[in-house]
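Undergrad: Sharing a structure below in structure tokens format, with a few things to ask.
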Protein chains: 2
Amino acid sequence: MVSPELLRRYPFFSSLNDEQLAALAMVADEKNYPKGALLVKENQPANKLILLLEGDVDLVYSGGEEGSVVNALVGSIAPGEMLGVSSIIEPYIYISSARANTPVRVVELDGPAVRALMQVDKTMGYVLMRNVAAAVLERLKYTQVELAAARA
Amino acid sequence: MVSPELLRRYPFFSSLNDEQLAALAMVADEKNYPKGALLVKENQPANKLILLLEGDVDLVYSGGEEGSVVNALVGSIAPGEMLGVSSIIEPYIYISSARANTPVRVVELDGPAVRALMQVDKTMGYVLMRNVAAAVLERLKYTQVELAAARA
């Protein structure tokens, strides 16, 4: 587990109360990955919700071909941002891969445990869903801008 | 207002109870727009959450230039799907424009009223946020695929 105080520092978790932060901290672990590691893999079951503490992460997409090497950059994640958000959004399948661009330090939360907590505590569910929806919308906005530029 | 039974038929609203559907129906209206109408406008305050009943809608993006004509197709909406989802996701600004490709029939829900209802009834807030997050993630997935193809 991690300290609830660690989570509290980040905007994604800042609207939660002490009890809610403690519950999330119990299903979270801090981890380190080397440069080049794949933190999450496209089309795989989404079981980890990840807070990036240090380092840079690229979101890459294979183009959908079976077994193809990931190749198209479709986004990037900066420290303080979340990745693996598909772990708490149906159908719980990662839509892209996340590759460490540098050595990274992260907090990994157990996706099924977070889903269960949100189901039991609907207020926590509302707050986290509101935050995750805002994060995905922001990423959609960025991706639309990139798509419009690529097609211009 | 519209009939709560009308809303109940659509997946976006199907997990809500009678009281919640009745509350949403009270802040909703059915409307028709001609082909070519702009249902929502990029960068404008997002005050309408829209369920498309009939017709086809394109999501278009200007490329971000001040006063530029909308020009890049970044998505499309089919009957039964929601648009204007930015109306219930912070910062409540539309990220693209929605243009009717055919005559369309829609249900328009008052965005600020829906936000207020979700704030008061956190269970409704959780359900709608869960559904809207899934809708935005699906659109992000589609847009990433298009971006990867455009860059290939």
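Where a number appears in this text, it was derived from the coordinates with a stated rule and is not lab data. The structure presented is a predicted model; accordingly, all values stated were derived computationally and were not measured. Here Cβ is always computed from backbone atoms with ideal geometry, including for glycine, and neighbour counts include all displayed protein chains.
Undergrad: For B:Lys48, which lysines qualify as cross-link partners when the Cα separation must be under 28 Å and same-chain residues fewer than eight apart are set aside?
TA: A:Lys122, A:Lys141, B:Lys31, B:Lys35, B:Lys122, B:Lys141
Undergrad: I would also like to ask the following. Label position 7 Å from Cα toward Cβ: report the copy-to-copy distances for A:Pro34 in nm, one decimal, ordered from shortest.
TA: Once sorted, the set of distances for A:Pro34 reads 6.6 nm.
Undergrad: If you don't mind, there's one more thing I want to ask. Separation between the B:Tyr92 and A:Ala149 pseudo-spin-labels, each 7 Å from Cα along Cα→Cβ, expressed in nm?
TA: Label at B:Tyr92, label at A:Ala149, 3.0 nm between them.
Undergrad: What stretch of chain B, leaving out the sites themselves, is the longest with no trypsin sites (Lys or Arg not before Pro) in a DSSP loop having at most 13 other Cβ atoms within 10 Å?
TA: B:36-152
Undergrad: Counting only complete DSSP H runs, which helices of chain B cover 18 Å or more along their long axis at the Cα atoms and score a mean Kyte-Doolittle of -1.0 or above?
TA: For chain B, where a helix must reach 18 Å along its axis and average at least -1.0, the hits are B:122-151.
Undergrad: When you take every Cα atom in segment A:29-151, what is the radius of gyration, and what is Dmax, the widest Cα pair distance, in Å?
TA: Cα-based Rg and Dmax for segment A:29-151 come out at 14.5, 45 Å.
Undergrad: Using a label position 7 Å from Cα in the Cα→Cβ direction, what is the ascending list of nm distances from A:Leu73 to the same site in the other copies?
TA: With the label placed 7 Å along Cα→Cβ, A:Leu73 yields 2.8 nm.
Undergrad: If you take the square roots of the eigenvalues of the alpha-carbon gyration tensor of the protein assembly as shown and sort them as a ≥ b ≥ c, do you get rounded (a/c under 1.5), prolate (a/b over b/c) or oblate?
TA: Judged from the Cα gyration tensor, the protein assembly as shown comes out oblate (a/c at least 1.5, b/c at or above a/b).
Undergrad: Taking R0 as 41 Å, what FRET efficiency do you get between B:Ala113 and A:Leu38 from their Cβ-Cβ distance, rounded to the nearest 0.05?
TA: Working from the Cβ atoms, E equals 0.40.
Undergrad: Further question: Rounded to the nearest 500, what is chain A's calculated 222 nm mean residue ellipticity when only DSSP H runs of at least 4 contribute -39500 (n - 2.57) each, over all residues?
TA: -11500 deg cm²/dmol
Undergrad: With an 8 Å Cα cut-off and a minimum separation of 6 or more residues, compute the relative contact order for segment A:6-152 in percent.
TA: Reported relative contact order: 31 percent.
Undergrad: One decimal, nm, shortest first: give the distances between the label point of A:Pro11 and those of the same position in the other copies, each label point 7 Å from Cα along Cα→Cβ.
TA: 3.0
Undergrad: Same structure, new question: Pop the C-beta distance of A:Lys31 and B:Asp18 into the FRET formula with R0 = 45 Å and round what comes out to the nearest 0.05.
TA: Efficiency, rounded to the nearest 0.05: 0.50.
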